[in-house]
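The values are calculated or read from the model by the stated rules, or taken from the named source; none is laboratory data. Predicted model only: the values in this text are computed from it and were never measured. Ideal geometry is used to build each Cβ from the backbone, glycine not excepted, and the neighbour counts take in all protein chains shown. Ligands, DNA and RNA are excluded from the accessible area calculation, which covers all protein heavy atoms including side chains. Shrake-Rupley method; radii C 1.70, N 1.55, O 1.52, S 1.80 Å.
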Amino acid sequence: MIELEPIKQIKSPSSENVIIFALRCANYIIINDKLNGLIILDMDWREVNRIYIGEQLLLIEAIYTDMLKNRIVFKLESSLCFVDIDTHFVKLIPIPNNIKEFYFYQLYKFSDDIILMRTNKGVVSLSLIDYSVHIINEVAEYDEEFAYFVYESETKESYPHNGKLVCLDTDNITIIDYFKKVQIKNPISVPYFDVSVTDRYGLAVGEEQLQIFNLNGDINSRILSYKRPWYGEQADIVEKNDGLHLYVITRNDLAELTSLSDYLIPFDKMPNHIILL
């Protein structure tokens, strides 16, 4: 067992700002600015801007991120909040009465002028031209790929991330990328609340441990534990030119701190169990 230091880290006292999310767009990392705004960081995690939202960001039901065009939609308690990071444009859109009781899942699809969002009662659209919100009856007429994702997600435990849909059962993990399916044996052994994948690796996210595993069929995996009293709240993996990166939000209630950390993961050279510092 070894301890792994982050290559980048932001620690925030809870009295100043509790980090509750970290979003990746094309050119930025975005974290919340307390509960009513956004802090925009460049890829070296230097602050470049702040955007005021003016709406409580505590009760966020879903977050939809456009990785290509630096756009975000937050599903808040009674509204949708559209943010264009490049132009600093913010628009709060009231949710129509016939949709207010819908529960919004994390499955979504951005296009140039519309975002499609899966709910517990079908698919809802938000126009990015006139900001109207509608129930979509024939999803395939708008986007066949998204309609396929919705169909697959309705009957399986599923987690959408980075343009892929990860579906799990007891024995197998099925990764759907566009209309392509890849199935591997399910190697996950840690309690988890989220699963994401890149082209070569998968990540299971739990409060106490993470598990990174190969997608090449050899069921080779690494267990990563948080150093107590820290525990995990959010994590994601990204493959870059220099290797596999793990982004983690952690919390230490005793020290009243939250942190955002970036770890470089040399998967093939690591022991089976790692402690994250």
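A few comments on the model shown:
- Which numbered condition residue 76 fails, given (1) open to solvent by 50 Å² or more (accessible area, probe 1.4 Å); (2) within 27 Å of residue 256 (Cα to Cα): (1)
- Scanning segment 186-210 for residues that are of a type in the set (D, E, K, R) and in a strand (DSSP E or B) returns a single hit, 194.
- Flag for residue 102 being buried (at least 17 other Cβ atoms within 10 Å of the Cβ), at pLDDT 95 or above and either within 24 Å of residue 157 (Cα to Cα) or among the small types (Gly, Ala, Ser) (or both): yes
- Contacts under 9 angstrom Cβ, first residue in segment 11-22 being closer than 19 Å to residue 62 by Cβ and open to solvent by 20 Å² or more (accessible area, probe 1.4 Å), partner assigned to a loop (DSSP other than H, G, I, E, B) and hydrophobic (A, V, I, L, M, F, W, C), 6 or more apart: 20/35; 20/57; 20/58; 20/60
- Any hit, segment 31-49, residues being open to solvent by 20 Å² or more (accessible area, probe 1.4 Å), in contact with a Gly (Cβ under 8 Å, 6 or more places away or on another chain), at pLDDT below 95 and not in a strand (DSSP E or B): yes
- The set of residues in segment 165-185 that are open to solvent by 30 Å² or more (accessible area, probe 1.4 Å), assigned to a strand (DSSP E or B) and touching a residue at least 12 places away in the same chain (Cβ under 8 Å) comprises 172, 177, 182, 185.
- Look at (1) at pLDDT 90 or above; (2) within 27 Å of residue 105 (Cα to Cα); (3) assigned to a loop (DSSP other than H, G, I, E, B) and you find that residue 213 fails only one, number (3).
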